[in-house]
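To keep things clear, I will list the structure first and then write my remarks on it.
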Amino acid sequence: MESTRLVPHNIEAEEGVTGSLLIDGECLNEVTFLQPSDFFSETNRIIFKACRDIDARNTAIDQITVAEELERQGNLQNAGGAAYLSHLISSTPTSLDIGHYANIVHRLSLARALIGAASQIAMLGYDAAPDIENGIKQAGVIIETVKKRAGNNKLEITTPAMMSSKMLDILQHGAPSLSWGFIDLDAVTTGIYAQDYIVIGASPSVGKTEMMIETAENIGRTGKKVLFASTEMGINPVIERYIAKQLQMSIRELRKRELQPELNEDVEQHYMAASVRLSELPVYYLFGKRSSDSIAMNARKMQELYGLDCIFVDYLQLLTDWYRGGRDDHCVQVGEVSHNLKAITSDLNVPVIVASQLNRLVEYRENKRPMLADLRESGDIEQDADVVFLLHRPELYSDYEITDKGKLEIMMAKNRQLGMAEHPVKLQWIPDRYKYGNATRE
């Protein structure tokens, strides 16, 4: 029964558009969002395209010029001849309603596009490909194509007046930003801004995960909503770190205590208080293997349900986008991942802070401080990033000085707006609180 149904269309509305153009060609400016493909009737499609072609040559649109253009294109008979053009004029009382007619034509065109998209998505399901996640991604692309067409009737140009208004707003209120929660880091960066794509590069065991977790918690304590995608650690290790910081004990001490069947009353109260604080901290987590598409989907849903102010991804090289289509070209794959993460910043208007591994070349240099070139597959990551931080812990190497004990150096190697920093910011590991704190910059 479904196969016998006609797809949505309205010939009268289509004739209203083309008839209006024959009456007053200037009203084409009111329907710039329409495309010839929006017309169901081939006849009206041909006439509308002829009107656009005439307008592109800065020639007036009327019954005579349209007839000449159709004749020149060899389409006069396909468009119903001069008699049909006369019919369009006689059946259209005024050109003032062209916007109303055009909206109907556009809406029904989108309805037909949605039917076509549903058919394509159904075929993806019937194919039952082994990589179902890739099929879901293709389905999302198909839907996004229809959504973009739906937005074509909206003016997307930023006018000079809008620019001026935005400038006055920034001058009056400042550009809104989030705090890193570390004084020296905020001083160097001036904060974390919406649509920033921030990359934190470091070798293994330097401390990038801990820095990101603490920054996420610092932002959460201000009441902002944070999404933390942890592809490296599961829920238990994250909670262990949180409890250890709250109780000011090492993970080793915490685990030894957990082996004991009973807890003394004081520790139990600390546990309960820490649990309450954790439940009130607006930091939401994604655990397990994730692709950049999965992060984007969950972030969009979180923004709708709870609000969203910042996203952390730990870390780029573990995202499952890497394993699609084989492992023969990691540079291309990491480029796609990086582009997808950067796209999230503009789509959701939030900053994305992502950790990235460094290659092993730094281990073989005399100077162990990392450089931009040490980012794995650095071309795309460095190009996409608005800000790049490189982390360094001198005490991991044999020639460190005792004054560097517990210090984490953070070099701002790139900032699209501010440039590089002259000196690294230093955070100090505070053993009795099991967290990073501010340290004097040298």
* Any idea what diffusion coefficient the stretch 6-145 gets from Stokes-Einstein, in µm²/s, Kirkwood Rh on alpha carbon pairs, 37 °C, 0.692 mPa s? -> 200
* Asked: Using the per-residue mean of other Cβ atoms lying within 10 Å as a proxy for protection, in what order, highest first, do the peptides 243-256, 287-300, 345-358 fall?
  -> 345-358, 287-300, 243-256
* To do: Round to the nearest 10 and report in Å² the accessible area of THR222, as given by a 1.4 Å probe over the protein chains' heavy atoms.
  => 90
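Per DSSP helix of 4 or more residues, -39500 (n - 2.57); summed, then divided by the residues of the chain. What does that give at 222 nm, rounded to the nearest 500?
Details: 15 runs with 212 residues, N = 442.
Mean residue ellipticity, 222 nm, calculated: -15500 deg cm²/dmol.
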* Asked: Of the listed peptides 208-216, 161-169, what is their order by residue-averaged count of other C-beta atoms within 10 Å, with the highest listed first?
  -> 208-216, 161-169
* Quick one: if the Förster radius is 30 Å, what FRET efficiency do ILE11 and ASP127 give, using the C-beta to C-beta distance and rounding to 0.05? -> 0.25
* What list of ³J(HN,Hα) couplings, whole Hz, do you get for the stretch 405-416 from phi and the Karplus terms 6.51, -1.76, 1.60, once you set θ to phi - 60° and write x for glycine and proline? -> 4, x, 8, 10, 8, 10, 9, 7, 7, 7, 8, 4
* To do: Multiply the residue gap between LEU96 and THR320 by 0.36 nm, knock off their C-alpha separation, and tell me the result in nm, one decimal place.
  => 75.2 nm
* Given a Förster distance of 51 angstrom, what is the FRET efficiency for ARG72 paired with LYS147, based on the Cβ-Cβ distance and rounded to 0.05? -> 0.85
* To do: In Å³ and rounded to a whole number, note down the convex hull volume per residue for the Cα atoms of the chain.
  => 241
* To do: Obtain the nm distance between the two label points defined at GLU240 and ALA82 by a simple spin-label model: each point lies 7 Å from its Cα along the Cα-to-C-beta direction.
  => 8.9
* Asked: Over the chain, what relative contact order in percent results from Cα pairs under 8 Å that are six or more residues apart?
  -> 15
* Alpha-carbon spread of the stretch 70-143, three principal axes, descending order, Å -> 57, 30, 17
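Determine the gain in length on full extension of the stretch ILE64-ARG252; use 0.36 nm per residue of separation and subtract their C-alpha separation, reporting nm with one decimal. Working shown, then result.
Working: separation 188, 0.36 × 188 = 67.68 nm, distance 8.84 nm.
Once the chain is fully extended between ILE64 and ARG252, it gains 58.8 nm.
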* Asked: Going by alpha carbons, how many degrees (0 to 90, nearest 10) lie between the helix axis of 11-23 and the longest principal axis of the chain?
  -> 70
* Find the Rg to Rh ratio for the stretch 90-249, where Rh is the Kirkwood radius over alpha-carbon pairs and Rg uses the same atoms. => 1.15
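The values are calculated or read from the model by the stated rules, or taken from the named source; none is laboratory data. From a predicted model like this one, the values you see are computed outputs, not experimental measurements. Don't worry about glycine lacking a Cβ; one is built from the backbone with ideal geometry, like all the others, and counts go over all protein chains shown. Quick note on the areas: whole protein, heavy atoms, side chains included, nothing else; ligands and nucleic acids left out. Shrake-Rupley method; radii C 1.70, N 1.55, O 1.52, S 1.80 Å.
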